[in-house]
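Accompanying notes for the structure given below.
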Amino acid sequence: MSERNIDRYPHSFSALKIKNLIFSNRFVGTPMVNIPTHILLSSTDYGSVSLWDRSLGGLAAVALEYHGKARNGDNQYEANGGDPFCDKYSLDVIREQLTVAKQAGALTEMVMGLGCFYKGKQYSPSGTDFGRPIEVRKTEEITEEILLVLIKEAALKAKHAKEFGFDYIGVDMSGDNLCALFMAPGFNKRTDKYGGSYENRFKVAKMLISEIRKQIGYDTVLEVKISGELGVKETYPFDEMLRFLKEEENEIDIVSVSKGMDEFHDGAIYSFPVSLLPHKQNALWGKMIKEKTKIKVNLVGSISTIEDTEDVLTQNCADLVLLGRSMIADPYWIKKVIEGREEDIVPCLRCNNCIHTATKHRYVACSVNPRYRRENRVPLQLPKAERSKNVVVIGAGPAGIKAALTAKQRGHNVTLIEKEKEVGGMLNVASKGELKKDLLRYTDYLKLQLKKSGVNLMLNTMADRQLVKDLHPDNVIIAVGAKVMTPPIKGVENCIQAVDLIKNDLITDKNDIVILGGGSVGCELALELARQNKNITILERMEELALNSNSQYRDCLLHLLDEENRIKTITGANCLQINEDSLLYEKNGEKIKLLTQLVVLATGFKNDVRDIEQFFNIGSQTAYVGDCHRVANVLEATNDAYFIAANI
């Protein structure tokens, strides 16, 4: 079975020799570094999030990167850090991180970059502000003297990593890295030999590569991580990056190709592309690099499935693929492919709730994998309960299905009651549309897992107290969801609910449409309809749109809205009256009439505990979860449902 299934994906599972290294397949794990100031109470810090699981998941290589103090004696932490190999106490930590990374036979890479801190100060090419729009930091223009010190330190760090036992070395020149800032004319305003022309702006990158090669030699594989473009107005063009790679092709063995920045949030939408953007976003760049240079390409950018991987390899866009968020959603998905269990792979939603800069630390977790950042709390395999209980779950949306599956894994007798003719709840609505393909994959995954689980399913059944009581439950879990809100606006009967339009596959013969409500649902719906050549106006009473989304998803959503010339947004507006062919709203004290053929309500959802009160005091324990408890998202529904059911 395993060999036959590997043969279905011959490119993904073929070995690759680069110098003295052999990659057993084409999958590489990105560093995804834990930052020392981040305290993860339920996880062991092996230097990279989910490293324990990812190292066992079938990767050919695992990358590590040191996020620590700029150098011994400094208090400032930075992304590239100093040289941990010079600190005897850090050696113990790195040794264990290295042995974990290679515990299943993967090659190991140490990634480093050109630090931008020196003696407590942050430097940049021209002393421009670093980061936007939230954490803007002042910098000083770096001198050549300090620059040469930083280059020497990075090269020695590479040498020490090689001597310590890492199989190959990675140099990060992407995103916010000092090298990238030197390359970009918008960040590099210097007039000396390091600024101005292409030759001058790319000089630092070439100096760093040259110095590292002096320290590690040419027998060691060297990977350079670049952004094809930075995704911001200050960027260099891809043509310059391609020229640089061609000129350095005898120095570089592998190039990792990404796009965007990190702490410059307008560029971060490309570094961590959310579900609104296409998969395989950097494939064309990878193909151009392979055609113009002899460097092996390690491609990143929403390569989330085995089909994505096989496609970019078959189309000569890559030699390797760099996996990040998909290995958070399911660290073992490569092994599942090998075993012929593709249907059991937990899909990544590309929601970015796993990224602390997106969620601002309010809830950093995976929407589909409760074990992420909780390896010491959530076991790989749930143990069976000491006594099998009767568990009744009411409502088969994302929370209800997760609760039912988890309780079944514990060995309980589970009955799932759903009033509709199919399971899925609001996922069946939320996963419709061209922008929701990732969520659709997860919806299909849940339905299939439920079908295979042995959970007793009651469809087309409206639960009431007597019905639940007749099932003699020990535990009742209520997951009936929330109801759409209908605001008390005169003429609201002339509207259609967004949920109903989406259920109708977003089909309408109206061309001029007003969407009342500018949350994420309203904004996403506007994009879908505008791409059907509809003229859309979003009317929102708040001053900003999509405030219920995490920052990276919201930044991308707003960027796409700005790009779409068929969408007009009106914020800070209060709708007063809705007619058949118009609506009246007030903004800044002025009443304005807006002509329209259709008004769509996207004003959110609300829960009502009166709907669930009847189900309490039937079993020994009762809990309510998902939107009927708190209107939120898949992340909260999944995680809360898991823990409630896992503890029965």
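The values are calculated or read from the model by the stated rules, or taken from the named source; none is laboratory data. All values derive from a computational prediction rather than experimental measurement. Neighbour counts run over all protein chains shown; Cβ positions are idealised from the backbone, glycine included. Each accessible area value is taken on the protein alone, full model and side chains, heavy atoms only, with ligands, DNA and RNA left out. Shrake-Rupley method; radii C 1.70, N 1.55, O 1.52, S 1.80 Å.
Tabulated data for the structure shown
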{"item": "Peptides ranked, highest mean first, by Cβ atoms within 10 Å: ranges 512-518, 89-95", "result": "512-518, 89-95"}
{"item": "Stokes-Einstein D in µm²/s, Kirkwood radius over Cα pairs - the chain at 37 °C with 0.692 mPa s viscosity", "result": "123"}
{"item": "Largest-first ellipsoid semi-axes for the stretch 260-312, taking √(5λ) over the Cα gyration tensor eigenvalues, angstrom", "result": "21, 15, 8"}
{"item": "Farthest toward positive dipole pole in the chain [+1 Lys/Arg, -1 Asp/Glu at C-beta], among 227, 116, 313", "result": "313"}
{"item": "Cα-Cα over 18 Å, subset of 17/280; 408/452; 419/452; 259/287", "result": "17/280; 419/452"}
{"item": "Percent of Cα-Cα distances greater than 23 Å, calculated over the stretch 493-627", "result": "40"}
{"item": "Separation between Cα centres of the stretch 509-556 and the stretch 431-476, rounded to whole Å", "result": "29"}
{"item": "Percent accessible area from carbon and sulfur atoms, the chain, protein chains only, probe 1.4 Å", "result": "48"}
{"item": "Unit charges on C-beta of K, R, D, E only; dipole of the stretch 393-525, Debye", "result": "480"}
{"item": "Pairs beyond 26 Å (Cα-Cα), from 335/421; 162/294; 102/225; 225/290; 246/335; 336/402", "result": "335/421; 246/335"}
{"item": "Förster-model FRET efficiency, 30 Å R0, residue 341 and residue 440, C-beta, rounded to 0.05", "result": "0.90"}
{"item": "Alpha carbon centroid spacing (whole Å) that separates the stretch 83-133 from the stretch 174-199", "result": "22"}
{"item": "Lys, Arg +1 and Asp, Glu -1 on Cβ, resulting dipole of the stretch 105-239 about Cα centre, debye, nearest 20", "result": "300"}
{"item": "Rg followed by Dmax, in Å, when the stretch 232-298 is reduced to its Cα trace", "result": "12.9, 38"}
{"item": "Within straight-line cross-link reach of residue 510, lysines at Cα separation under 23 Å, skipping those fewer than 8 residues along the same chain", "result": "432, 436, 490, 534, 568, 593"}
{"item": "Equivalent ellipsoid dimensions for the stretch 170-211 as semi-axes, Å, which come from the Cα gyration tensor, largest first", "result": "17, 12, 6"}
{"item": "Gap separating the Cα centres of the stretch 229-248 and the stretch 263-299, nearest whole Å", "result": "12"}
{"item": "The stretch 105-224 - convex hull of the alpha-carbon atoms, volume per residue in Å³", "result": "119"}
{"item": "Added length on full extension, which subtracts the Cα-Cα distance from 0.36 nm per residue, residue 456 to residue 87", "result": "127.1 nm"}
{"item": "Accessible-area value, residue 66, 1.4 Å probe, nucleic acids and ligands omitted, Å²", "result": "60"}
{"item": "Estimated distance in nm for a label pair at residue 484 and residue 103, the labels positioned 7 Å out from Cα along Cα-to-Cβ", "result": "4.9"}
{"item": "For a label point 7 Å along the Cα-to-beta-carbon line of residue 363, residues of the stretch 515-540 with backbone N under 13 Å", "result": "none"}
{"item": "Given charges at Cβ of Lys, Arg, Asp, Glu: the chain dipole, positive-most of 334, 284, 174", "result": "334"}
{"item": "Distribution of pairwise C-alpha distances over the stretch 131-171, 5 Å bins, in %", "result": "5, 18, 16, 12, 15, 15, 12, 6, 0"}
{"item": "Projected label distance in nm at residue 291 and residue 121, using a 7 Å step from Cα toward the beta-carbon", "result": "4.7"}
{"item": "Hull volume in cubic angstrom per residue (convex hull over the Cα atoms of the stretch 599-648)", "result": "78"}
{"item": "Normalised contact order of the chain, rounded percent, pairs of Cα under 8 Å and 6 or more residues apart", "result": "11"}
{"item": "Structure-based [θ]222 nm, the chain - -39500 (n - 2.57) summed over DSSP H runs of at least 4, per residue, nearest 500", "result": "-9000 deg cm²/dmol"}
{"item": "Descending semi-axes in whole angstrom, ellipsoid equivalent of the stretch 407-487, from the Cα gyration tensor", "result": "25, 18, 10"}
{"item": "Calculated log₁₀ intensity ratio I(q)/I(0) where the Debye formula runs over C-alpha points of the stretch 533-611, q = 0.11, 0.23 Å⁻¹", "result": "-0.37, -1.20"}
{"item": "Cα-centre dipole for the chain with unit charges at Cβ (Lys and Arg positive, Asp and Glu negative), debye to 20", "result": "900"}
